[in-house]
1. About the Cα centre, and with charges only on the beta carbon of Lys, Arg (+1) and Asp, Glu (-1), how big is the dipole of chain D? Nearest 20 debye, please.
2. Go through the stretch A:3-15 residue by residue and turn each phi into a ³J(HN,Hα) via Karplus (6.51, -1.76, 1.60, θ = phi - 60°); whole Hz please, and just put x for glycine and proline.
3. Measure nothing but the geometry: give the 0 to 90° angle between the long axis through the Cα atoms of B:299-327 and the longest principal axis through the Cα atoms of chain B, rounded to 10°.
4. Compute the long axis of helix A:66-102 from its Cα atoms, compare it with the longest principal axis of the Cα atoms of chain A, and write down the angle in degrees, 0 to 90, nearest 10.
5. What distance in nm separates the two pseudo spin-label positions at D:Glu437 and B:Ala79, each 7 Å out from Cα along the beta-carbon direction?
6. Which of rounded, prolate or oblate describes the stretch A:2-140 when judged by the alpha-carbon gyration tensor and an a/c cut-off of 1.5?
7. For B:Thr167, B:Thr306, A:Thr171, what's the fewest-to-most ordering of other Cβ within 10 Å of each Cβ?
8. Per residue of the stretch D:394-410, in order, report the coupling 6.51 cos²θ - 1.76 cosθ + 1.60 (Karplus, θ = phi - 60°) as ³J(HN,Hα) in whole Hz, putting x for Gly and Pro.
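FYI, it's all coordinate maths here, none of it is from the lab. Not measured: the values here are computed from a predicted model. In this analysis, Cβ positions are derived from the backbone assuming ideal geometry, glycine residues included, and neighbour counts consider all displayed protein chains.
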Amino acid sequence: MWRILRDLFRHNRAFAVGMALVFFVVVFATLSLFSPYPPNDSFVVPPDLPPSWAYLLGTTSRGQDVFWLLSFSIRNTLLFGLTVAFISRILSLVIGLVAGYLGGVMDRVLMSINDTFIVIPLFPILVLFYFVMRDRMSWSLLALMMACLGWAYDARLIRSVAMSLRTREFTETGIFSGMSMRQVLVQEHLPYVLPIVFSTTMNNLNWSIGLEVTLSVLGFTDINTPTIGVLIYWANQHTALVAGIWWWIAFPVLLVVIAFVGLFLLAVSMNEYIDPRSRLDRVHG
Amino acid sequence: MPGYAAYLLSRLGQFVLVVFIGMNISFIVTHSTPIDPVEQTIAAATQYGSTNPEAIALMRQSLRELYGLEGGLGAQYVAFWRRIAVGDFGPSLSAFPTPVAVLVGRAIPWTVGLLVVSTVLTWILGNALGGLAGYYRKNRVLRFAGILAMAFHPIPYYIVAFILLITFGYLWPVLPISGGYMMNMERGFNLGFIMSLLEHSILPILSLVLVGLGGWFMGMRSLVSNVVTEDYVTYAELGGVSRRRILVSYVMRNALVPQVTGLAMSLGAIFNGAIITEQVFGYPGIGTLLVSAVHAGDYSLVLGITSVSIVAVSAAVLMIDLLYPLLDPRVRAR
Amino acid sequence: MTAPLLEVSDVVRTYAMGGLLARHRTRAVDGVSFHLDADRPEILAVVGESGSGKTTLARMILNTVTPTAGIIRFQGTDLSRIRRARDRRAFMTHVQPIFQNPFEAFNPLKPVDRYLFVTAQRMAGLKAAEEIRQRADDSLKTVGLSLAEVKGRFPHELSGGQLQRVAIARALIPTPRLLVADEPVSMIDASLRTSIVNLLRRLRDEMGVSIIYITHDLATAYYISDRILIMHRGRVVESGNARAVLDNPQHAYSILLKRSVLSPDAAASGGAVLAAATSRYDQP
Amino acid sequence: MRIWRAIVTFVVAVSAIASAHAQGSISKLPRRETLIVENPEGTIKNAGWFNIWAINAGGQSTGLHQLAMDTFWYIDPQRGLDGVWDNSLASEKPIYNADFTEMTVKLRQGIFWSDGKEFTADDVVYTIQTHMKTPGLRWSAAVQVNVADISAPDPYTVVFKLKKSNSRFHALFTVRWNAMWMMPKHVFEKAGDLLKFAFDPPVTLGPYVLHSYDPNGKWFIWQKRQDWQRTTVARFGEPGPRYVAYIDPGPPDKRVIAQLNHELDIIHDTSPEGMFTLAKQSKTSHSWFKGFPYAHPDPTLPAVILNNQLDMFKNRDVRWALALLIDIKAVSMASYRGAATISAIGVPPTGSHPEYYHAPLESWLKDFELDTGKRKFKPYDPTLGRQIADMLRPSMTEQIPSDPEEINRAFGRGWWKPNPQAAQELLERAGFTKRGERWFMPDGKPFTIRITVEGELRPVMTRAGSMIAQQWRQFGIDATTIVAQGSLVDRRNAGDYEAIISWSVETWGGHPDLSFFLDSWHSQFVAAPGKAQPPRNWQRWSSPELDRIIEQIRQTGFDDPKGLELGREYVKLVVREMPTIPLMSYNVFTVMDDTYWTGYPSAESAPYTDPVPNWANTKYMMVRLKPRQ
């Protein structure tokens, strides 16, 4: 495992750059543990100061140091996105592969459930859920809720690949070798859907973080947990874009972009690594 | 009765089931919110104005009767399905007595117009670029385009929209920043109105395209990378078929199948509206209606909008499922 | 009186074809019956053009496709009754497939030896690693290979002929009574076909395995099979002793089939009367 | 590559279209004759509905109640064009009998509906009788509860017979933001079911008629009536703008951009930062105050409303302790960036109230003593308003007034000096204990307070709530904010909250009478916990002493000087009891652009009315607006 990572790091520039960017963001997020200010306290520093040596990324109109605030926000946001992505990936993989493999009645049943999740309009459900949960609404609950709503589409995608994998002869070979369904799915089929899983993970991350921002901007989240969405929420409340407090928006956006480009490069290079074609290329070469 | 007819029937059954379950979930969720339309109405009616506590009690009572909320949840549930059966969503509670259908009908053309154009445009651009990038994997320009698309993708939509707005509405004020068309303009099929319509849609469409591009790009790129491994592509390459023809008729065509599914679903999902777009650009549409309905506790309106959306998305999924076996014989064989 | 090894009676399988409006059902397999004796291993060739239903028939025998009508019994057990995973596995220890395209029969991302090991472990019930390896090696030796040659190799690192032998070796691990070989040589270089075909014959003779040999290739069918079924559009048009049928075909289709397959280079390989043929019966 | 070419072509095409249509063309109306105003209601769901008597079926402040409606009287939240009180459709003040069971109204003559029919007592009688027999109209309940009978002895006189004594019955027809409007009998009697009648186009009593509107509810355009002279405002002159457009300009940032582009003459409200931006970047933009704090203080009193039915807030000591933990300077900074007008007492520091209440009561406040059980001290700090001004002066320089009177008017007078020591003593006396860094309630549970705020809908109040939570948290109380956007109304009504940043005090502004909100504070209206509470006693506080004051006010005439005395008694009572913690007035950043129009109201030179354009009172602004030459 380590050897693979090392090799990737040495020979694959995309991987190296991606790794560096993600590392940077992770370090930044970890800094939150050393913040001199509690994340929700305001007016701990003079407001509206542009970036300077004293305040590296400037200060907000709420008298918060953007640097420290951002470290909390990016940490929570990434954790949020990864939680949603992780749970929803597992759901979509299991359901997609099983439905595609088994076909027939089971497929019909699973896809009915799947389709119900696809057709339920997300936004009103999330907003109404927010109202129903009232004071208990929290970061983790929202993540769980979004994970439960965010798997269906990708499960369908995975199912369609699984269906065509099911018709391939090596699947039959696996079955006649006595492999269990779990073995066939995990060992035979999973490698073929992993590229999809990786790229949908990126989309899912993007989707969940985007939705979190949307809900926050509209005020439908718990504003006591600093996230990128909550940060934008407050910036928006202070009309930061028009008031010229650009650093309140620019640095968070920049960091999100860095995080995503980093993750994207990692995903691409990992994809290249696990992608059946490039794997074949590699073993050929 | 096996075969396509059975498939069709069972798929239709599934469609009906999914719509039924979806609408029930919507019903349950909308009715379990703590927002009471009567209280909202009273609050709005008495805000800033004089209030007489005794009168409020009386008002509460008569509104309850007026809105048909007297019967309790069971009766409302029955009434809901009875109305759906005749294709009616009843009156909106926050704009009583105007029918929900009228409100939704007024907003939908805008939403559909804006989102169909931007969704299709995004889809075409994203897939074209993604397909190229997936096929010519060594091309520097395409690699750069890929990184650019991905860099744009994670920027919160709100920010992208606002930056566009500030850029073209203030710093270089060449485009209108609000509304769907020029105020006080005769709506109709005339050049002025159409020009105004186009002009007002540029920024919303541009923002949606910019943000949406990355997703399709990424998806298509990885799909193409997958398809490229298939034997028939290798054979075609060995057989001396030109690279461009391979890309178009072998690679893209096959990779597009799941993307078409995605497109259909995105098109179905447009009935949710684009809430932030509508908010930022002051564009008329279903999103604003939905948010205000949620705030007002207007179950009827929320249910009306979600029902339309559920049916639209289900129908899109159904269409894809019905067409799929006709396109892909491997699926048919099962 | 023991039950026949395989008994296929009046088996039908239909598929719906066509678009939304113009639908029709095709009978891929239409009332096929035959049986294999339990005490006399033989090679039964099923011959026909593509689309004649022979692959569907093979899949039904392998119990991966359910017949629309009719019954298939293996050693007296109705295949449609096999539901539990344990029964299915028991069935698979007796009946094993060999596929047409050896490159497709193995996951290109996995080394091929893996399948041998898994089969030895799960189908032959071996536990110890050494035993498993031994069994794989033995089985490979039967087909003229050795574990040393294939260990850790990926499908693309082996030739088609080698792969097909590995496939056969794998199928032999649970010591099956019946092999269903669906066009096992059609994707293999002409020069290597004979060795595979000979291998099949040896399996019948030395290991007592019955083989259903599905092919569109009359030459090899003539060369190795004991009995033959000629299928046309889902129906068996002619059957019986292979040489008798092929030397003197009765049915118009069989005659046509025979006439179109003779090729000059066939004689050169293996010294057989007939050899590999590549051309196909033209579709009407 | 082709795609790049396509993209470039697209961008070029976009720029071409954009440049072809020069900006500024937001409507086809002559810009110099058009006043463009923000309607804070935003997008009107049901745009084609103008029957304002049906509850919430359409918009109200779309120009409909400012320009098209009229009723008997208006009380201006500021000075008024001709005094605070204006007889609009009535020709004189309400005439009550001795026991307040009958009210006579004399009507102005020569007032006409926009379709040419004269307005007479018939219309009034029709309006009242319709409300008496039709439940579900906006004012049906209020009429049904009060009116026994109505008659019109002559075409210009109406007499209301009341069901019981009510000295404030005229308030129903007296505009403070809105009031019960008069219906055109000749239109409505032919309308059929009034609850289903859209009234499009509306027949108006005001000086404007509907010109056009957006079916999607983004804008409404009104046009001056040919016969504007036959309406009530004609007494003050001709309305300036020929057209008035009420639009939904979008979120606060966009309102700023729109005004910078001179496409929005009056911003209803924006964020403090948006206000500063406009003040800095636009020479033509100005607001109520010339300099800081700019905003118009509405006669509304945001406060920390404590749910007095909860055990933890039942003790006055706890409520006072919480007040002493608030640093109003920080709250003022956090909420309004200092542009707040603070108030220590239970009336808003705006309109005529400082003269009637804040100034006269200041000496009493200075002497007011609080006993913590361990010691007595005087919590009031009269210099806090000045301190805020001083704090802002270095960064805002000459924007900050230095004249003490001006400071009082702009920033308020004094407030409670933060006193954690006293708060600790009060809490301890109430049985609360501090263990480590955290406070625990008498029952041993941690002292947690969730402050409900409205979020996006009231950004400034949300900020104030966050700051107060922070201050309480720093003292060891587990305080957090909860955004209850949308559900706030229900939660406030049902008492489903612990603390809330909202207001239960709203006054006329221009008139010292407090019954407008105070009557509903009577304990007879306090609902059981969990049951819906009628507005406005959200704090669910009941006090026999207050009941006595309210009952006395009910017996006192509207303009009786005794009413003012009773009002001051109320103020002293709530200072002692602290049922809610008053913070400041609701300051609205209404910004007006001089590019096309002049004559807007302002604190210094023209305090003739409230500029906040969703108030129906802003109809008076039209007669003062003149096109800029």
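1. Working: 71 positive and 68 negative charges, 238 e Å.
So the magnitude is around 1140 debye.
2. 5, 4, 4, 5, 4, 4, 5, 6, 9, 10, 5, 4, 5
3. 20
4. Once rounded, one gets 20 degrees.
5. 5.4
6. Working: a/c = 3.74, a/b = 1.46, b/c = 2.56.
Note, shape of the stretch A:2-140 comes out oblate.
7. Working: B:Thr167 14, B:Thr306 28, A:Thr171 21.
In increasing order of surrounding Cβ atoms, one gets B:Thr167, A:Thr171, B:Thr306.
8. x, 8, 9, 6, 6, 5, 8, x, 10, 5, x, 5, 5, 4, 4, 5, 7
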